[in-house]
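Comments concern the structure below.
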Amino acid sequence: MGTLNHPPRAVVFSDFDGTITKEETFSLLMREFAPEASRQMIPRLLSGEVTLRDGVPAVLETISSSVFPTMEDRMREAPVRPGFEEFLSTLDRLGIPLVVLSGSIEPLLMATLHPYRDRIERIIAAKVDLAGPFLKVSSPYADRDELVYKPGVLQSFGSATKIVVGDSVTDFSMARMGDLVFARSILAEKLEEEGRKYIKFESFFEISNYIELHKKDLLGIEP
Ligand SMILES: [Mg+2]
């Protein structure tokens, strides 16, 4: 993890669901493909009675492997937040790698991000095994209560300037480690409550503009 050939000055760590995608695709998929397990589990996840690390696989593993291609089809159609493609161009030009982090499962992210795949340094998410009758979820990045423990991934990238992009409570712990944080929705509210500095965003155009304007501070590049 985190073994880039030439250590970059800055790295962007972005959440996927509700951050790169416009909608919370993962919970929509769970509700559609595992309605009963979702109905039982989601309140227990929200109340904190069950951790994401245990609760998400418990729901997913009620889903038949045979419907997984349909889930991937849904993700192929999932709309991406405006400005994402231009954001990738900005990062390319400035030599800033993008690492996408998600508590969802890897092939679902790949389905949405396929057109951009060669412009993304790493995609980090849980794994799925489709060999059996039902999905089988595993995660090499599980730690604490999380299926994908995002701060652990950030730490593995060492001393690069960490630019964090996210939208929900599961991004809070990585946002606390960020040198620069772009937040929307619940993450923005939570950072506001804690009096932490962040930049509010709704589209990737805003993030590109900010990075472009502050590239001297972030990368030592003259504007
Ligand atoms: Mg999210």
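Things to note:
- In the stretch 34-60, of all residues being under 21 Å from the mean Cα position of the chain (by Cα) and touching a residue at least 24 places away in the same chain (Cβ under 8 Å), the one that is surrounded by the fewest Cβ atoms within 10 Å (Cβ to Cβ) corresponds to THR51.
- The conditions of being in contact (Cβ under 8 Å) with a residue 12 or more places away in the chain and under 20 Å from ALA142 (Cβ atoms) are not met by ALA10.
- Boolean, LYS136 is in contact with a strand residue (DSSP E or B) (Cβ under 8 Å, 6 or more places away or on another chain), away from the ligand (no atom under 15 Å from the Cβ) and free of Cβ contacts under 8 Å to residues at least 40 places away in the same chain: no
- In the stretch 108-124, residue surrounded by the most Cβ atoms within 10 Å (Cβ to Cβ) [restricted to those that are over 13 Å from the mean Cα position of the chain (by Cα) and more than 22 Å from ASP143 (Cβ to Cβ)]: ALA111
- The helices (runs of 4 or more DSSP H) found entirely in the stretch 1-78 that carry 2 or more residues being within 16 Å of the ligand (Cβ to nearest atom) are 25-33, 35-47, 52-60.
- Hits in the stretch 165-206 (condition: free of Cβ contacts under 8 Å to residues at least 12 places away in the same chain and either crowded, with 21+ Cβ neighbours inside 10 Å or part of a helix (DSSP H, G or I) (or both)): GLU189, GLU192, GLU193
- Number of residues in the stretch 114-162 that are under 15 Å from VAL11 (Cβ atoms) and of a type in the set (Lys, Arg) equals 4.
- Boolean, PHE205 is of a type in the set (Phe, Trp, Tyr) and closer than 20 Å to SER102 by Cα: no
- Sub-6 Å Cβ pairs linking a first residue in the stretch 82-106 that is more than 16 Å from the ligand (Cβ to nearest atom) to a second residue that is modelled with pLDDT under 95 and of a type in the set (Asp, Glu), at least 6 apart or interchain, number zero.
- Residue list for the stretch 177-200, restricted to those being of a type in the set (Phe, Trp, Tyr) and touching a Ser or Thr at 6+ places or on another chain (Cβ under 9 Å): PHE182
- Being basic (Lys, Arg), exposed (fewer than 15 other Cβ atoms within 10 Å of the Cβ) and within 28 Å of ASN209 (Cβ to Cβ) is a property that ARG93 has.
The values are calculated or read from the model by the stated rules, or taken from the named source; none is laboratory data. Worth saying up front: this structure is predicted, and the values here are computed from it rather than measured. So basically every Cβ, Gly included, is an ideal-geometry build from the backbone, and we count neighbours across all protein chains shown.
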